[in-house]
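Working notes, beginning with the structure itself.
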Amino acid sequence: MRYTTAGESHGPELVVIVSDVPAGIELDRATIDHDLARRQQGYGRGGRMAIETDRALVVAGVRFGRTLGSPVAMRIVNRDAANWSEVMDPWGSGDGVEAVTAPRPGHADLGGVQRTGAADVRDILERASARETAARVAAGTVARALLAALGVSVRSWVERIGPAATGALGPEEADPAAVATSDVSCPDADVAAEMRSAIDNARQQGESLGGVFAVCVEGLVPGVGGYAEQGQRLDSRLASAVMSIPAIKGVEFGLGFAAAARTGSAVHDEIVLGESGRLRRATNRSGGIDGGMTTGEPVVLRAAMKPIPTLMRPLRTVDISTGEVADAARERSDVCAVPAAAVVAEAEVALVLADAYQGLLGGACLHDMRTALAAYRERIAW
Ligand SMILES: Cc1cc2nc3c(=O)[nH]c(=O)nc-3n(C[C@H](O)[C@H](O)[C@H](O)COP(=O)(O)O)c2cc1C
């Protein structure tokens, strides 16, 4: 399963096509829109998200609520586009439309104009904007529905926003109900309050914040992924997918970087016979992946997000039309989008795992995948 997106931030709509989708997956319109809404929420978002109420319009690949086995295509209207029709007109002359010429440090603006030769940073920022991640979340709902039918669930929580942090939480410490009702997606109410006040302070100072979130996948069978090559090893694939989200600067699994400071016996998870008679790991310091494959324990990855680059108290830049020192451009912007990035990461993780399950079980139809999964579980014996 893979996806491709098109769409500018202030263009008429976003489009996503999900390919290699097995037939027979039940999709639910409300669930798709619920995930889109989760991406739009979170304390610290800017005015744009108050304008958009994302809805996915399914235009291909689904009939009577089930996937057909053909590509699934979805459209998400940018309601804000009504205010930008002249600026984003595909056929107009552009006369009278002011160009953006002060590239923002930390954004794609400068590299983009250098790469493409554009004289207007808007040609870059419209597509580099994380508005595109709404389309990814829509794609992810197809993967999540497939995984759910195979007993696999994906969730996330936020562990750090700027200086406010919980420390690394295990899946059992991150109560999904507490995460769902927190506007910073943090299961610890005291730390959540600190996160909100850190965001308030940043906003007052014209600053922005990043943070750390965790994504957790449960219900996995062992052996998903592969033990050689970049495109097969599951940790490599997941890290690549999560790093593709704008502003993500680091990904770790389980102990992650902390493992480098420990001895081997304080890192590796002993193999034991579980109560169910199946082999388990006594601990899950690896974050559920050994040798590029799932161990059967929950996959737990963490990602670090850098602070939002658009600052209301802008950094110095150089105007590309004059060569003069300038203040970086100010677009309407989030102060912090860590909770939203976590929702996007859930989608990316689900898409990789859905594809990896197809690699293990075949991918034409859900019924056959279920049959193959039962046979796989049976063969593993323990
Ligand atoms: C959900 C989400 C929302 C974001 N919102 C904004 C925003 O409002 N303003 C902004 O400047 N950057 C925002 N960003 C971050 C930029 O997209 C990102 O910093 C930029 O693409 C450069 O990051 P990169 O160096 O990792 O590509 C957001 C990122 C995500 C994941």
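The values are calculated or read from the model by the stated rules, or taken from the named source; none is laboratory data. Since the structure is predicted, the reported quantities are computational estimates derived from the model, not experimental observations. Neighbour counts run over all protein chains shown; Cβ positions are idealised from the backbone, glycine included. Quick note on the areas: whole protein, heavy atoms, side chains included, nothing else; ligands and nucleic acids left out. Shrake-Rupley method; radii C 1.70, N 1.55, O 1.52, S 1.80 Å.
The test for being crowded, with 19+ Cβ neighbours inside 10 Å and aliphatic (A, V, I, L, M) does not hold for Ala177.
Counting only helices (runs of 4 or more DSSP H) wholly contained in region 166-275, the ones carrying 2 or more residues that are under 28 Å from Gly292 (Cβ atoms) occupy 234-243. Cβ-Cβ contacts under 8 Å between residues 6 or more apart (or on different chains), taken from a first residue in region 266-281 that is at positive phi to a second residue that is assigned to a loop (DSSP other than H, G, I, E, B) and exposed (fewer than 12 other Cβ atoms within 10 Å of the Cβ), are listed as Gly277/Trp382.
Count of region 222-265 residues, restricted to those that are within 16 Å of the ligand (Cβ to nearest atom) and among the aliphatic types (A, V, I, L, M), is 8.
Conditions (1) within 16 Å of the ligand (Cβ to nearest atom); (2) in contact (Cβ under 8 Å) with a residue 24 or more places away in the chain, marked per residue:
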residue	(1), (2)
Ile308	yes, yes
Arg313	yes, yes
Glu331	yes, yes
Ala342	yes, yes
Tyr357	no, yes
Leu360	no, yes
Met369	no, yes
Ala372	no, no
Arg377	no, yes
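Return a yes/no flag: does region 326-340 have any residue that is farther than 24 Å from Ala165 by Cβ, out of contact with any helix residue (DSSP H, G or I) (no Cβ under 7 Å at 6 or more places or on another chain), open to solvent by 60 Å² or more (accessible area, probe 1.4 Å) and not polar (S, T, N, Q). Yes, because at least one residue in region 326-340 is farther than 24 Å from Ala165 by Cβ, out of contact with any helix residue (DSSP H, G or I) (no Cβ under 7 Å at 6 or more places or on another chain), open to solvent by 60 Å² or more (accessible area, probe 1.4 Å) and not polar (S, T, N, Q). Of the numbered criteria (1) closer than 25 Å to Glu207 by Cα; (2) in contact with a Pro (Cβ under 8 Å, 6 or more places away or on another chain), the one Gly69 fails is (1). Every condition in (1) more than 25 Å from Arg115 (Cβ to Cβ); (2) within 16 Å of the ligand (Cβ to nearest atom) is met by Ala282 except one, and the failing one is (2). The residue list Arg237, Arg233, Arg262 contains one member that is out of contact with any Ser or Thr (no Cβ under 6 Å at 6 or more places or on another chain), surrounded by fewer than 18 Cβ atoms within 10 Å (Cβ to Cβ) and basic (Lys, Arg), which is Arg262. Considering region 122-139, the residues that are near the ligand (Cβ under 9 Å from one of its atoms) and of a type in the set (A, V, I, L, M) include one that is nearest to Gly46 (Cα to Cα), namely Ala130. For region 174-187, filtering for residues that are without any contact (Cβ under 8 Å) to a residue 24 or more places away in the chain and under 19 Å from Pro298 (Cβ atoms) leaves 5. Taking region 55-102 as the range and being in contact (Cβ under 8 Å) with a residue 60 or more places away in the chain and within 16 Å of Val142 (Cβ to Cβ) as the test, the residues that pass are Ala56, Thr67, Gly69, Val72, Met74, Arg75, Ile76. Residue check: Pro307 meets all listed conditions (1) open to solvent by 80 Å² or more (accessible area, probe 1.4 Å); (2) in contact with a Gly (Cβ under 9 Å, 6 or more places away or on another chain); (3) closer than 30 Å to Ser129 by Cα; (4) not polar (S, T, N, Q) but one, namely (1). Taken as a whole, the condition of being open to solvent by 40 Å² or more (accessible area, probe 1.4 Å), under 30 Å from Gly151 (Cα atoms) and of a type in the set (Val, Ile, Thr) applies to Val15.
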